[in-house]
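Participant: Have a look at this one.
The values are calculated or read from the model by the stated rules, or taken from the named source; none is laboratory data. These figures come from a predicted structure and were not determined experimentally. Each accessible area value is taken on the protein alone, full model and side chains, heavy atoms only, with ligands, DNA and RNA left out. Shrake-Rupley method; radii C 1.70, N 1.55, O 1.52, S 1.80 Å.
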Amino acid sequence: MKSHIGTKDIPLTVLRSIFQPQGVLVEELNVWGVNYMEQPADVTGQSIESEYEIGYEILQVPWWVVLLEGIIAILVGLFLLYRPAGTTVFLVQILGIFWLAEGILSVIGALIFSGNRVWKLLSGILSIIAGVVILTYPIYSPFIVLTLFVIFIGVWAIINGVVKIVLALKGGGWGIGIIGVLTIILGLLLLTNSLVGVLFLPWIFGFFLILGGIGSLIWGLKMRT
């Protein structure tokens, strides 16, 4: 005689002892004498998603911060367009104070903590020297800082242009190649005539700050609504 043992003949405690260690939820539903087991529930995935959503909401920037950044960017951009010399001197002075404070904190951190001590000490000393020079020579320091920045932009433009030309030769299209050539020409002009770049750089910064500020204003108002 053959004996047929169905799911309904197995006690629920035995089923729990078999499936629950593997993370399976077992439910006994008696419908017309038939036992049913629910499908495994992905509790771990739901908890990870809920934690991710909560963390994203916590890290989200408030709308008024974005709006305030836009207003400040527009004001600085307008000052750079209408009073480029005075605004540039003021911004460079703020940059010097920031570098000086950052250098002091880096040196203190290098003396207290052992991780990356040489790099922190070197960067801190250089930041202190740059901050002291900027604050000591407020008239000449903006010109020096802008000249170094123009040289950096010129070198970056040449490197970026070479990369675009290489991409064009590998099948990227003649459009990318033309942009690469124009970028190299711009970089060479900035390196050979850094004074012209220094004179026009405040207006360029002002224009882009105004555009970025308008974008921040629009985005902040959208976040509020």
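Participant: Once you wrap a convex hull around the alpha carbon atoms of the stretch 63-224, what is its projected area averaged over all directions, in nm²?
Facilitator: 13.5 nm²
Participant: Still on this structure, please answer the following. Multiply the residue separation of Phe200 and Leu78 by 0.36 nm, subtract the distance between their alpha-carbon atoms, and state the gained length in nm to one decimal.
Facilitator: 42.5 nm
Participant: At 1.4 Å probe radius, can you tell me the per residue accessible area of the stretch 63-224 in Å²?
Facilitator: Values: 10760 Å² over 162 residues.
It amounts to 66 Å² per residue over the stretch 63-224.
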